[in-house]
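Have a look at the structure below, then the notes.
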Amino acid sequence: KESRDIIKQLERAIDMRLDMEFKRKIIDNSQGFPWLVKKLCIHIFKQYKVGLSINTLLEQDFNVEFLFKNDLQGIVGDEVKALRYIAKRSYDNNAFDSTEVDEKIREEVLNALINKRLVIKSGDKYNIYWDIFRDYLVDGKVPKIGETYLIRQYVQRVLDMYMLFQSKRKLNIDEISDKM
């Protein structure tokens, strides 16, 4: 609901109703974080105000490369190295841990990145604020924004469905519905 309310604010600001595909793409790619929906909507608003149409923004995956370049403008030296290090660790499924602070990255550098909202802390782990930004930092290019970044079903539910077909190769919709 909070994410939808943020998108409604964007619609009022640009005086246009956005189609469901556009809204879904914003929400799906914000990983369920309303603050990321807000950041993306602010970026979309700014891009719209400089003349990019909503259709162009949709086709260009919201032109997030411009957003990422703006995010990187405010950092220098050790902050850049630390940001890329955290991104690479996360990309390799080995998140940077709080026990490594001052050993690998100085605490003041890490705090500066957190204050600039480029790094987030979850429990004892540090990560880049958006998986797509993380991939951009590691690969140097913006990955295609799609639904691949959002898991829509719990793994157990998918496994249960798969297991239904082990005993019987074909099931009709009523059989599946009864068993699930």
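The values are calculated or read from the model by the stated rules, or taken from the named source; none is laboratory data. All of these numbers come straight from a predicted model, not from anything done at the bench. When we count neighbours, we look across all protein chains shown, and the Cβ atoms used for this are built from the backbone with ideal geometry, even at glycine. Side chains included, ligands, DNA and RNA excluded: accessible areas come from the protein's heavy atoms. Shrake-Rupley method; radii C 1.70, N 1.55, O 1.52, S 1.80 Å.
Below, the figures for the structure above:
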| quantity | calculated |
| --- | --- |
| The chain, accessible surface, carbon-and-sulfur percent (1.4 angstrom probe) | 50 |
| Cross-link reach list, aspartates and glutamates versus Lys88, counting only Cα pairs under 16 Å and skipping chain neighbours closer than eight places | Asp78, Glu79, Asp97, Glu100, Asp131, Asp135, Asp139 |
| GNM result for the chain, Cα springs below 10 Å: residue of Ile75, Ile27, Ile128 fluctuating most strongly | Ile75 |
| For the chain: accessible area per residue (Å², 1.4 Å) | 64 |
| ³J(HN,Hα) computed for each position of segment 97-105 - Karplus, 6.51 cos²θ - 1.76 cosθ + 1.60, integer Hz, glycine/proline x | 9, 4, 5, 9, 4, 6, 7, 9, 9 |
| Sequence-distant aspartates and glutamates (8 or more away, or on other chains) whose Cα lies within less than 19 Å of Lys1 | Glu11, Asp19, Glu21, Asp28 |
| Segment 9-77: relative contact order as a whole-number percent, Cα under 8 Å and 6+ apart | 25 |
| Assigned charges on the beta-carbon of Lys, Arg, Asp, Glu; segment 79-180 dipole about Cα centre (debye) | 360 |
| In Hz, Karplus ³J(HN,Hα) per residue of segment 70-81 (6.51, -1.76, 1.60; θ = phi - 60°; x = Gly, Pro) | 5, 4, 7, 4, x, 10, 9, x, 4, 5, 5, 4 |
| Dipole magnitude (debye, nearest 20) for segment 39-131, charges at Cβ of Lys, Arg, Asp, Glu | 340 |
